[in-house]
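**Student:** Take this structure, written in structure tokens, and hold onto it; I'll ask about it next.
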Amino acid sequence: MQSNICVIIPAYNAAATVGQVVRGALKHVSCVLVADDGSVDDTGRIALKAGATVITINKNQGKGHALKQLFHLAIEKGFDAAISLDADGQHDPKAIPLFLNAHQAHPEDLILGSRMMEKNKIPGGRYNSMHIARFFVSLAANQYIEDTQCGYRLYPLGLIKKLTLTAERYTTETEILIKAGDTGTLIRQVPIRAIYENNVSHFRPVIDVDDITAYIISYLWVKWLIEGVCANRPYTYTKGGIRDRIGSHKFINGRFQVFTMMTIFPATVFYFLEYVFLSRWIKNNFASIRNLNCGYFVILRATQMLPILLVVTVAEQVLKRIGLRVQLIKPFINRFYPNLWGGAKA
């Protein structure tokens, strides 16, 4: 039973499952913290009855806000680390010892659950979007992250204190991965089950994917702007830096993300030219990409292919509707969004 590590659970209308999740977690840790994020059912009461400490957020503000409240409470209570689980039963508490063991061996690292050992259980469309996200998030985080969308994680709270979190809803989890990796923190992964049956997800496929995509693009836009004119600087995040200042102002951040979305295609061409020509005067600029030994053209090509990816996705769906089951997306993704990090499995 771990006394210096707690479990944190953001919960919204999860009365049917949160009690079981809390009880399962309490078999491995001494404290479970639940944020009842504006639920209109009995989520908070059931979590409290199951043994959790519950904080109530009067109005639903999304998973990111709930996580930040839980981090604050865990730090206030003096915990060294927090394991995040979803309240809907998608994360099996029986896997908690895997995270505890990994943390004991590597106490400074962020431990991330990976469902890729059971990727055949992941819905095809979800897996394809995970593959694309993996490519760009791994670039921003300076390391291969097998399952960037998994919320089952162990966060060292000392790491959380080093980050300024400005994103909201599901984008917060991506923000943590990117900023942690871009400070030099190692992100380790443990295998977990892929559970999708009978789970009610509040993830909005269009809106939340758009928000996450806009965040990743805006982050890389600035990261490569910095790396292009700096020698030997693969890690570009600093607490309170330009990203945090932009992100802390909702109006400015929204306009900035629109700007980076609209300019990412010419910007990547500009960065390619910097990569080729500025290296004569700025040794090892774009250090994070040079460390991959793949060249910037692979990144340029992957970015420019994003609109074509959308066309290929639509074409495959149309063909399926008329009875032709052909694989267009998977070969396209494997070709243009490869694993650039070598030893890890794609």
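**Student:** Please list, by residue number, everything in region 140-157 whose backbone N is under 18 Å from a paramagnetic label point 7 Å out along Cα→Cβ of residue 209.
**Tutor:** Once the point is set 7 Å along Cα→Cβ of residue 209, 147-151 turn out to lie under 18 Å by backbone N, inside region 140-157.
**Student:** Determine the distance separating the Cα centre of region 205-244 from the Cα centre of region 99-117; give it in Å without decimals.
**Tutor:** Taking the Cα centre of each part, region 205-244 and region 99-117 sit 25 Å apart.
**Student:** Follow-up. Using C-alpha positions alone, give me the convex hull volume of the chain per residue in cubic angstrom. Display every interim value, and only then the final one.
**Tutor:** Details: hull volume 47.8 nm³, N = 346.
Once divided by residue count, the hull of the chain is 138 Å³.
**Student:** Which of the trypsin sites (Lys or Arg not before Pro) found in region 299-332 are in a DSSP loop and have at most 10 neighbouring Cβ atoms, other than their own, within 10 Å?
**Tutor:** Details: sites: 301, 320, 321, 325; in loops: 325.
Passing both the DSSP loop test and the Cβ count: 325.
**Student:** Okay, moving on. Using Cα-Cα distances under 8 Å and only pairs 6 or more residues apart, what relative contact order does the chain have, in percent?
**Tutor:** Numbers: 573 pairs, mean separation 51.6, N = 346.
In percent, rounded to a whole number, it is 15.
**Student:** Checking the cross-link filter: which aspartates and glutamates have an alpha carbon closer than 12 Å to that of residue 59, excluding same-chain neighbours under 8 positions apart?
**Tutor:** 36, 37
**Student:** Along the positive direction of the dipole of the chain (beta-carbon charges: Lys, Arg +1; Asp, Glu -1; about the Cα centre), which of 137, 279, 28 reaches farthest?
**Tutor:** 279
**Student:** Enumerate the aspartates and glutamates that residue 161 could reach by cross-link, defined here as Cα to Cα under 20 Å, with residues fewer than 8 away along the same chain left out.
**Tutor:** Of all the aspartates and glutamates, those that pass the test against residue 161 - Cα under 20 Å, at least 8 places apart if same chain - are 76, 80, 108, 109, 173, 175, 182, 244.
**Student:** For a quick check of your reading of the filter: which chymotrypsin sites (Phe, Trp or Tyr not before Pro) in region 148-197 sit in a DSSP loop and have no more than 15 other Cβ atoms within 10 Å? If you can, show how the numbers build up before the last one.
**Tutor:** Details: sites: 152, 170, 196; in loops: 152, 170, 196.
Those satisfying the criteria are 196.
**Student:** Within region 5-199, what percent of beta bridges assigned by DSSP are antiparallel, to the nearest 5? Present the calculation step by step, with values, prior to reporting the outcome.
**Tutor:** Details: 6 of 25 bridges.
The antiparallel fraction comes to roughly 25 percent.
**Student:** What number, rounded to the nearest 500 deg cm²/dmol, is the helix-based mean residue ellipticity at 222 nm of the chain, given -39500 (n - 2.57) per DSSP H run of at least four residues and division by all its residues?
**Tutor:** Details: 14 runs with 167 residues, N = 346.
Helix contribution divided over all residues of the chain: -15000 deg cm²/dmol.
**Student:** Here's a follow-up. Scan region 271-323 for chymotrypsin sites (Phe, Trp or Tyr not before Pro) in coil per DSSP, keeping those whose Cβ has at most 15 other Cβ atoms within 10 Å, and list them by number. It would help to have the intermediate numbers written out before the result.
**Tutor:** Values: sites: 271, 272, 275, 277, 281, 286, 296, 297; in loops: 281, 286.
Sparse-neighbourhood loop chymotrypsin sites (Phe, Trp or Tyr not before Pro): 281.
**Student:** What is the local net charge at residue 286, summed over the other residues whose Cβ is closer than 15 Å to its Cβ (Lys, Arg +1; Asp, Glu -1)?
**Tutor:** On the way: positive: 223, 233, 280, 283, 290; negative: 182, 227, 274.
Computed value for this residue: +2.
**Student:** Among 190, 314, 18, rank each residue by its count of other Cβ atoms within 10 Å, from fewest to most, as a rough exposure measure. Write down the numbers at each step before the final one.
**Tutor:** Values: 190 18, 314 11, 18 33.
Going from sparsest to densest Cβ surroundings: 314, 190, 18.
**Student:** If you stretched the chain out fully between residue 238 and residue 20, how much longer would it get, using 0.36 nm times the residue separation minus the C-alpha to C-alpha distance? Before the final figure, lay out the partial values.
**Tutor:** On the way: separation 218, 0.36 × 218 = 78.48 nm, distance 3.95 nm.
Extra length available between residue 238 and residue 20 comes to 74.5 nm.
The numbers here are math on the coordinates, done by the rules we state, and not lab data. Quick caveat: nothing in here was measured; it's all calculated off a predicted structure. No Cβ is skipped: glycine too gets one built from the backbone with ideal geometry, and neighbour counts run over all protein chains shown.
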